[in-house]
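Accompanying notes for the structure given below.
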Amino acid sequence: DTGVSQDPRHKITKRGQNVTFRCDPISEHNRLYWYRQTLGQGPEFLTYFQNEAQLEKSRLLSDRFSAERPKGSFSTLEIQRTEQGDSAMYLCASSLETRQTSNEQFFGPGTRLTVL
Amino acid sequence: AQKVTQAQTEISVVEKEDVTLDCVYETRDTTYYLFWYKQPPSGELVFLIRRNSFDEQNEISGRYSWNFQKSTSSFNFTITASQVVDSAVYFCALSRNTGFQKLVFGTGTRLLVSP
């Protein structure tokens, strides 16, 4: 399977715990995005990487959130001291920046987080 | 600021009917991209189309067609002869076409196709 993969698919945690999600983009895709989707809403942008550099962060991304993309391959999103409001689907997307494929973002299956 | 409005929350049709999903957008950028994504019950967003703002030609792909009208800031999506497998939530999205290109999504339209 050469699509975007995410792990885990589901995570249930207690309030105050830390969680980490992983995203493996389509190989050779140089851009990687994280989005968050709550019930009945469209995805909302969280952060974006061009290769290993984190270039943009949304105001939605509080200090409790941190993302990395070491070596420009997979990415991790960590949430510290989780709150019930963090419950959502966390989506990862990747794209290859060429004239023909510019910003065609392909999404992974998501990680559904439930904070009790 | 960029904004996408999908006024239709849910549409129900019977198989083989044609259905149009509306999308209206706002942006200050002179050039931009428009997208449609499908989110079936399994949850994974599936890319359907990207349209550049300088290309107003309508596009057809099988039973799918897209009508881009810059004058009314609309990018509507029509499914011809709908099938049960078309049941999903459909999202319209907007991005810049240079530099930082986050997708700004609408709230989605849930399409229910019954047999």
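Coordinate-derived values only; no laboratory data. Model, not experiment: these values are computed from the prediction. Counting neighbours? That spans all protein chains shown, and the Cβs are built from the backbone with ideal geometry, glycine included.
Using the Cβ-Cβ distance between B:Ser12 and A:Gln84 with R0 set to 41 Å, the FRET efficiency from 1/(1 + (r/R0)^6) comes to roughly 0.80. The packing ranking of peptides A:108-116, B:35-43, B:23-31, highest mean first, is A:108-116, B:35-43, B:23-31, where packing means the average number of other beta carbon atoms within 10 angstrom of each residue. Each residue in A:His29, A:His10 was given a count of other beta-carbon atoms within 10 angstrom of its own, and listing them fewest first yields A:His10, A:His29. In chain B, Cα pairs under 8 Å separated by at least six residues give a relative contact order of 38 percent. May I ask you to derive the FRET efficiency for A:Glu52 and A:Leu116 from their Cβ-Cβ distance with R0 = 30 Å, giving the value to the nearest 0.05? Plugging the Cβ-Cβ distance into 1/(1 + (r/R0)^6) gives 0.30.
When you count the other C-beta atoms within 10 angstrom of each residue and take the mean per peptide, A:59-66, B:95-102 line up highest first as B:95-102, A:59-66.
Built from the Cα atoms of the range B:20-115, the convex hull projects on average onto 6.4 nm², one quarter of its surface area.
For the range B:16-57, a simple Cβ point-charge model (Lys and Arg +1, Asp and Glu -1, everything else neutral) yields a dipole of about 140 debye relative to the Cα centre. Structural descriptor for chain A: relative contact order 36 percent, calculated from alpha carbon pairs under 8 angstrom and at least 6 residues apart. Selection among B:Asn58, B:Ile11, B:Gln101 by position relative to the dipole of chain B gives B:Gln101 as farthest towards the positive end (Cβ unit charges, Cα centre).
Shape analysis of the protein assembly as shown yields a ratio of the Cα radius of gyration to the Kirkwood radius, Rg/Rh, of 0.97.
Rounded to the nearest 20, the Cβ-based charge dipole of the protein assembly as shown about its Cα centre (Lys and Arg +1, Asp and Glu -1) stands at 620 debye.
The reciprocal of the average 1/r between distinct C-alpha atoms defines the Kirkwood hydrodynamic radius, which for chain A equals 14.2 Å. How large is the charge dipole for the range B:19-114, taken about the Cα centre, if only the Cβ atoms of Lys, Arg (+1) and Asp, Glu (-1) carry charge, to the nearest 20 debye? In debye, rounded to 20, the range B:19-114 gives about 140. Given a Förster distance of 30 Å, report the FRET efficiency between A:Glu97 and A:Arg22 from their Cβ-Cβ distance, rounded to the nearest 0.05. My answer for the efficiency is 0.85. Taking a Cβ cut-off of under 13 Å around B:Thr109, the surrounding Lys, Arg, Asp and Glu residues balance to a net charge of -1, with basic ones at +1 and acidic ones at -1. In chain A, a dipole from Cβ-located charges (positive for Lys and Arg, negative for Asp and Glu) runs towards its positive end, and of A:Leu46, A:Gly16, A:His29 it is A:Gly16 whose Cα lies farthest in that direction.
Applying a threshold of 24 Å to the alpha-carbon distances of A:Lys14/B:Lys102; A:Lys14/B:Lys38; B:Lys3/B:Lys38; B:Lys3/B:Lys70 flags A:Lys14/B:Lys102; A:Lys14/B:Lys38 as lying beyond it.
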